[in-house]
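The values are calculated or read from the model by the stated rules, or taken from the named source; none is laboratory data. Owing to the predicted nature of the structure, the values given are computational and were not obtained by experimental measurement. Note that each Cβ is placed from the backbone with ideal geometry, even for glycine, and that neighbours are counted across all protein chains shown. SASA here: full protein model, heavy atoms, side chains in, ligands and nucleic acids out. Shrake-Rupley method; radii C 1.70, N 1.55, O 1.52, S 1.80 Å.
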Amino acid sequence: MARKDIASIVSGVGWACDFVGKLVDGLLAKGHTPEEIHSLVTAKSRPAMDKIVEEVSNFLRSIGSILRINRSTPFNPAKFLGEGWSIWRGPADGDGLSGNEEQDERSLALTEVDLSKVRFETCLHDGESSITGEEKLKRLKETGHIRLDAKVFQTLWENKDKIPESWKEKIDGNIRYIFFDGTTLRSPDGDRRVLSLYWSDGGWRWLCFWLSLDWRALNPSAVLAKTA
């Protein structure tokens, strides 16, 4: 890397001195001598310096994968989707208008999501090519995984630069539709639906899919693995 490129990153000598100063202070606090610290600039200590670079690189990647969720403003179906939309309430075989909202409370408690830890689940069993959305939702609940909710979806939609490049990948040449089953929605017609993101024609798009229809391998759900 050219020196002028390095300068553009660190924005002057002050930044570099501050960074090195914090590193030296930390090593001194760990009990290392000034002589030991100075040895880091010798060729003999190159393996140690490589490890430091790797750790810092991993840390920077982790920061970039964190999606912060503003829970002070809950997802509003009527505002995002239109008049008549709401969060489903009560049992699946009810009218969706009364009872508790059908949302994953564990997801609603999240104020940030590490996107590098999001996994995709189809819930298909061996030999199955598709299942209904309702059956998939049932199986998802049985796994115990955290089903990411509609507010996570909305935050990604409003911050598309945060969506991992890998989410654009197709499934056997078909567009992959990534669902957020932590929130079940009620359409103006009384249908049960779930939001999804998908990459098509060079841009991110969304749709709200019926749980009554068949879902295949190209319709995975975004979840976080359950914790012990």
Within the bounds of segment 72-89, is there any residue that is open to solvent by 40 Å² or more (accessible area, probe 1.4 Å), touching a Gly at 6+ places or on another chain (Cβ under 9 Å) and at pLDDT 95 or above?
-> yes
So which residues in segment 95-118 are farther than 19 Å from Lys151 by Cβ and loosely packed, with under 12 Cβ neighbours inside 10 Å?
-> Leu97, Ser98
Scan segment 182-213 for residues that are over 19 Å from Gln154 (Cβ atoms), outside any strand (DSSP E or B) and not aliphatic (A, V, I, L, M) and jot them down.
-> Pro188, Asp189, Gly190, Asp191, Asp201, Gly202, Ser212
Looking at Ser212, Ser196, Ser187, Ser221, which is the one that is open to solvent by 40 Å² or more (accessible area, probe 1.4 Å) and modelled with pLDDT of 95 or more?
-> Ser212
The condition from (1) over 24 Å from Trp199 (Cβ atoms); (2) surrounded by 20 or more Cβ atoms within 10 Å (Cβ to Cβ) that Arg139 misses is numbered (2)
Complete set of residues in segment 13-38 that are loosely packed, with under 10 Cβ neighbours inside 10 Å and modelled with pLDDT under 70 = Val13, Gly14
Looking at Gly203, Gly144, Gly133, which is the one that is open to solvent by less than 60 Å² (accessible area, probe 1.4 Å) and within 21 Å of Gly94 (Cα to Cα)?
-> Gly133
Within segment 102-116, of all residues that are in contact with a Ser or Thr (Cβ under 8 Å, 6 or more places away or on another chain) and of a type outside the set (S, T, N, Q), the one nearest to Ile66 (Cα to Cα) is Asp114
Pairs only if they're at least six apart or on different chains, beta carbon under 8 angstrom, first in segment 199-223 and without any contact (Cβ under 8 Å) to a residue 12 or more places away in the chain, second open to solvent by 60 Å² or more (accessible area, probe 1.4 Å); list them, first residue then second.
-> Arg205/Trp199
Mind checking which residues of segment 154-181 are assigned to a helix (DSSP H, G or I), in contact with a strand residue (DSSP E or B) (Cβ under 8 Å, 6 or more places away or on another chain), without any contact (Cβ under 8 Å) to a residue 60 or more places away in the chain and within 23 Å of Ala109 (Cβ to Cβ)?
-> Trp157
